[in-house]
Amino acid sequence: MDVEILSRIQFAFTVAFHYIYPPLSIGLGLILVISEGLYLRTGDQLYENMTRFFIRIFALIFGIGVATGIVMEFEFGTNWATYSRYVGDVFGSALAAEGIFAFALESGFLGILLFGWNRVSKVMHFIAAIGVWLGSMFSAIWIVVANSWQQTPTGYHIVGEGMEARAEITDFWGMVFNPSSIDRLTHVWLGSFLAGSFFVLSIAAYYLLKKRHETIAKKMFVIAMFVALVSSYAQLISGHSSAEVVAEHQPAKLAAMEGHYDTLAVADLYIFGWVNDQQQEVTGLSVPGGLSMLLDGFKGEQKVKGLNAWPPEDRPDNVNAVFQFYHLMVAIGMFLIAFSTLLVVQYYRGKLFRQRWLLWMAVFSVFLPQLANQFGWFAAEMGRQPWVVYNLLRTSDALSKAVTANQVIFSLVLFTLIYVVLFALFIYLLNKKIKHGPEDIEVTAHSPNLRQVASTFNDNK
């Protein structure tokens with residue numbers, strides 16, 4: 001393989017591994033704010049212990065996320081030097097804003113959150129929880145803004161010529177509010193809420209199946225269930241809005257996502273299928289005229305440009321992969337809507353916690369939002385090809401000229417080994433924290449005076 005493909009694989013691997021953790025921290029941060037808010041409002045010690053439990057897990061996720069995120073910034077310089085010079089003024093400003101406005105906020109309040117129990121007031125501790133959550137949300141803002149600018153660049157001009165050309169910001173807020181940033185940011189936030197809520201659902205369902213921490217597990221489950229329900233339906237709306245932006249500003253990507261080669265007055269919407277790029281056809285199940293209907297407010301008159309409207313060198317290089325990743329993301333999203341709805345229905349029918357098969361489904365559902373987030377990112381990035389900055393800088397031109405294929409292979413193998421160790425450590429520590437669980441204080445939930453007795457009993461054990 002050549003340097004370009006290897007560098008793309010390496011960056012995709014490092015980003016995909018890192019992207020396990022930020023969505024979890026954003027989603028878990030929301031659950032943490034809700035649980036501490038309920039503790040502040042009700043005084044129920046179960047919510048306090050729930051919050052303490054979530055904070056310990058959040059700190060672990062935050063630590064691994066920071067460690068894996070630093071690597072990507074070095075790769076901009078080692079593998080993508082031309083890209084770094086070309087977009088450094090744009091991308092660098094967004095990364096600087098993340099460090100100043102997001103990381104500092106999140107890490108600063110995390111110290112209060114971890115060590116502030118019994119040292120600051122309950123209200124101040126709750127404010128710290130909000131600060132940590134907002135810090136993680138702000139971090140997503142600046143990263144998504146930088147990436148969205150690459151998808152739909154605005155607020156810039158090009159200075160210099162040839163290999164010395166670079167983009168300079170002429171309108172900072174025009175760059176921030178580029179055509180795709182708001183829709184993509186909303187989509188990322190909602191995907192993160194789903195990742196965090198189904199993570200908590202999985203833990204709570206595990207406790208219920210094992211008949212441990214049952215009272216607190218039911219409270220966990222209900223909070224996460226309603227966050228999942230609202231987020232899954234909102235994600236459906238957000239996904240549709242994002243697709244409309246892609247149709248307007250990146251029509252070649254939309255054509256690849258739906259496997260359309262010919263420009264059609266009425267375009268079908270594929271439910272699933274397989275793309276044969278050689279013969280330019282898709283074998284699968286489709287809704288006749290469905291894509292045109294969705295893009296045209298169900299009038300069905302929207303003409304969809306096909307891939308043949310562009311020269312072969314200006315199309316995504318793996319149409320079937322873009323098609324599959326996009327449809328897998330959509331399929332998982334629809335399942336999450338159905339599953340969260342089923343959970344809520346069974347809850348109101350009073351049968352939820354007695355149906356073990358449903359709880360087992362909740363345990364293993366933790367993987368689905370993560371997969372949907374990864375598949376969506378793969379579809380977005382592969383669908384943008386062959387451009388690293390859409391219609392401005394090709395991926396093949398963005399590479400570092402001095403890096404060889406052997407060097408990329410060596411670093412890729414090394415990163416893989418390190419990340420395997422990090423992931424094993426993460427799973428070990430996470431499993432340890434989950435097995436330990438929140439403190440058992442069910443007996444003290446309605447009697448604060450018994451709390452010291454319970455604590456003394458546990459110490460003597």
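The values are calculated or read from the model by the stated rules, or taken from the named source; none is laboratory data. None of these values were measured; they are calculated from a predicted model. Ideal geometry is used to build each Cβ from the backbone, glycine not excepted, and the neighbour counts take in all protein chains shown.
The condition of being under 21 Å from the mean Cα position of the chain (by Cα), in a helix (DSSP H, G or I) and over 27 Å from Val145 (Cα atoms) holds for only one of Leu371, Leu412, Leu422, that being Leu422.
Here is a yes/no grid of residues against (1) farther than 14 Å from Phe199 by Cβ; (2) among the small types (Gly, Ala, Ser):
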site: Ser35; (1), (2): no, yes
site: Leu38; (1), (2): yes, no
site: Asp44; (1), (2): yes, no
site: Glu48; (1), (2): yes, no
site: Phe54; (1), (2): no, no
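Screening Ala167 against (1) touching a Phe, Trp or Tyr at 6+ places or on another chain (Cβ under 9 Å); (2) modelled with pLDDT under 90; (3) part of a helix (DSSP H, G or I) leaves a single unmet condition, (3). When only residues in the stretch 323-380 that are hydroxyl-bearing (Ser, Thr, Tyr) and surrounded by 19 or more Cβ atoms within 10 Å (Cβ to Cβ) count, which is farthest from His18 (Cα to Cα)? Result: Ser340. Can you name the residue in the stretch 63-101 that is hydroxyl-bearing (Ser, Thr, Tyr) and touching a residue at least 60 places away in the same chain (Cβ under 8 Å) and, of all such residues, is farthest from Glu4 (Cα to Cα)? Among them, the one singled out is Ser93. Of everything in the stretch 402-436 that's polar (S, T, N, Q) and either free of Cβ contacts under 8 Å to residues at least 12 places away in the same chain or in contact with a Pro (Cβ under 8 Å, 6 or more places away or on another chain) (or both), which residue is farthest from Phe53 (Cα to Cα)? Result: Asn406.
Being surrounded by fewer than 16 Cβ atoms within 10 Å (Cβ to Cβ) and either more than 22 Å from His187 (Cα to Cα) or modelled with pLDDT under 90 (or both): is that true of Gly111 here? In short, yes. Whether any residue in the stretch 335-344 is assigned to a helix (DSSP H, G or I), at pLDDT 95 or above and small (Gly, Ala, Ser) is what I want to check. The answer is yes, given that some residue of the stretch 335-344 is assigned to a helix (DSSP H, G or I), at pLDDT 95 or above and small (Gly, Ala, Ser).
What tally of residues in the stretch 159-194 results from selecting those that are of a type in the set (Gly, Ala, Ser) and free of Cβ contacts under 8 Å to residues at least 12 places away in the same chain? Total satisfying the criteria: 2. Is it fair to say Pro153 is closer than 25 Å to Phe325 by Cα, at pLDDT below 95, in a loop (DSSP other than H, G, I, E, B) and in contact with a Phe, Trp or Tyr (Cβ under 8 Å, 6 or more places away or on another chain)? Judged against the criteria, Pro153 is a match.
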